[in-house]
1. I'm told Pro165 meets every condition in (1) outside any loop (DSSP other than H, G, I, E, B); (2) surrounded by fewer than 17 Cβ atoms within 10 Å (Cβ to Cβ) except one. Can you identify the failing condition by its number?
2. Can you name the residue in the stretch 211-251 that is closer than 28 Å to Ser153 by Cα and β-branched (Val, Ile, Thr) and is also nearest to the chain's Cα centre (by Cα) among such residues?
3. How about the stretch 126-157: which of its residues are in contact with a strand residue (DSSP E or B) (Cβ under 6 Å, 6 or more places away or on another chain) and of a type in the set (Val, Ile, Thr)?
4. If Glu192 meets every condition in (1) more than 18 Å from the chain's Cα centre (by Cα); (2) over 22 Å from Phe133 (Cβ atoms); (3) surrounded by 13 or more Cβ atoms within 10 Å (Cβ to Cβ) apart from one, which number is that one?
5. For the stretch 181-207, give me each residue that is hydroxyl-bearing (Ser, Thr, Tyr), under 14 Å from Val161 (Cβ atoms) and touching a Ser or Thr at 6+ places or on another chain (Cβ under 9 Å).
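Coordinate-derived values only; no laboratory data. Source: prediction; values computed, not measured. Glycine gets a Cβ as well: all are built from the backbone with ideal geometry, and neighbour counts include every protein chain shown.
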Amino acid sequence: MPWCVFRRATLPVFALASLVFMGCQKEQETTPTPDPIPATTEPGSAIVDIKADGSGITVIQVCIEEPNGLACGRKKGSDDAFEASSEGETAPLSFQLAGAGSEAYEAGAFVGELDGDAAGKVIAVAWNGEPAFEATLPAPFEITEPASDAVFSLATDTITVKWAPSGEADILEWSYSGKCSNGNWTAPGGKEDDTGELVMPSGGFSNLPPEGCSITIELGRRRKGTVDPATKHEGFISAAQVRTATFTVKP
C-alpha cells in the first residue's frame, strides 16, 4: 500500500515512511510499505503509523483503508475520531485532506502529535473513544556516516551508511531520494537487520549529471505494536525512530 505524509507548518513529519494517497504529489517512484506493516489489510482497517525524528515530537498518523481505490480516506459525513495518548498527555488527531477524493469519500488521514520521543515511550490510540492500538518507540539513533559534506564517486567509492545498532530485534527500513539538475526522484530502498551498517547499491543511481546529485537517505528503526483484543476495530500499528543524512554522489 503506497503512502504519503501530511505536514502542517509546525509538524516535524518524516519524509519516509511516509502514506501516499490518491491526489498526493509524488515524484518518479514512491517508497515501499515498510515491514512490519502488512502488504494488504481489509477495507475499513486502520493503519497507525507513529514516527519520531529526533525533534522531541512524536507524530501519529492514521490511515483508514477504503474500498473505492483510495489508499486512505473516510466516508463523507463520517464521525470517526481518533485520539493518541502517552504519559498523561492526550492529543486528538485531526483529519487532513489530500486530493479530491470521490463522490462518497474524502482522501486523507488523521494526524496529530505528542511531546517526547524517548526510547520506551508507549503511545495508545483510541478509535471513537475505545482503546484500540498501542505501540512503543524503539531506541533513537543518529547517522554517524556519511558526513553532510561527503562527496562520493560511483566510479571509485563505496557508499556506506553507519549508525549505532539497538541490539533489539527491530527492523531497519530505508529509502533515498535525489535532487539533480536534470530532475528530482525518489527510490525505494529496502528492509535490513539493525546491524549499524548499510552499503548502498551503486546500481541504484543512474543518469547522474556530471556535477552529481544531492542524495538524502532516510533510515527508520521500526517496531510492531499491538491491537487491543477487546476492540471491534481492525488495524495495525507500528512505531519508528527516523533519521536522515544528505550527501553528494557524482558519476
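1. It is condition (1) that Pro165 fails.
2. If we take residues in the stretch 211-251 being closer than 28 Å to Ser153 by Cα and β-branched (Val, Ile, Thr), then Val242 is nearest to the chain's Cα centre (by Cα).
3. Thr136, Ile143, Thr144, Val151
4. Just one mismatch for Glu192, condition (1).
5. Of all residues in the stretch 181-207, those hydroxyl-bearing (Ser, Thr, Tyr) come to 181, 186, 195, 202, 206.
Now restrict to residues that are under 14 Å from Val161 (Cβ atoms): 195, 202.
Ser202, the sole residue that qualifies.
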